[in-house]
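Shown next, in structure tokens, is the structure this report addresses.
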Amino acid sequence: MKVAEAMTRDVRVASPDETICDAACAMATLDAGALPVGEENRLVGMITDRDIAVRAVAARKGPDTPIREVMTQDVKYCFEDDDLDHVAANMSDLRVRRLPVLDRDKRLVGIVSLGDIAMVQGAPSAAQALEGVSRPGGPHSQAAK
């Protein structure tokens, strides 16, 4: 199965110049925990609810802080024609719960999440990915920062 068969296509893209309050409001409206950040039709980052909590609120940054100050800039992604099992294993290794999905021209076309994987491939595949994502530490750990 290909990523395109599982991903969410209707994605709200945030601008790096929007505020973290704008991002949080969009996440609340969409019931989402992350937004891709784009500039000039290119993916330049991701902003998550955790980024807002840990990199902004915990650092006493205000609601008018630009997204670019707290977003993750080193964005991992996958392609819409990638194999979904391979992407799930990659998500486990990277310890991420979602990945932006690009076409081969590197244009954002969607997001794939562990929930998307569970919906199309069932619990065992998603559980295996979640087990890797949930390991303590890793590149996204805030404990050592």
Exercise for review: Mind listing the long-range amide H neighbours of residue 65? Cut-off is under 5 Å, sequence gap 5 or more, other chains count too, H placed in the peptide plane at 1.01 Å from N.
Suggested key: 20, 21
Study note, to complete from the structure: Between residue 74 and residue 8, Cβ-based FRET efficiency (R0 25 Å, step 0.05) works out to 0.65
Exercise for review: Give the accessible area for residue 46 in Å² (nearest 10); use a 1.4 Å probe, count only protein heavy atoms, and leave out ligands, DNA and RNA.
Suggested key: 20
Revision key, fill the gap. Expressed as a whole-number percentage, the relative contact order of region 69-108 with C-alpha contacts under 8 angstrom and at least six residues apart is 46
Check your understanding: Using θ = phi - 60° and the Karplus curve 6.51 cos²θ - 1.76 cosθ + 1.60, what whole-Hz ³J(HN,Hα) does each residue of region 64-81 get, with Gly and Pro shown as x?
Key -> 8, 5, x, 3, 4, 6, 10, 6, 7, 8, 7, 8, 8, 8, 9, 9, 4, 9
Practice item. Set the Förster distance to 22 Å, then compute FRET efficiency between residue 93 and residue 120 from the Cβ-Cβ distance, nearest 0.05. Key: 0.60
Check your understanding: Can you give me the Cα centroid spacing of region 79-106 and region 46-66 in angstrom?
Key -> 25
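The values are calculated or read from the model by the stated rules, or taken from the named source; none is laboratory data. Bear in mind that the values here come from a model prediction, so they are computed numbers and not experimental data. In this analysis, Cβ positions are derived from the backbone assuming ideal geometry, glycine residues included, and neighbour counts consider all displayed protein chains. Accessible surface is based on the protein model in full, side chains and every heavy atom, while ligands, DNA and RNA are left aside. Shrake-Rupley method; radii C 1.70, N 1.55, O 1.52, S 1.80 Å.
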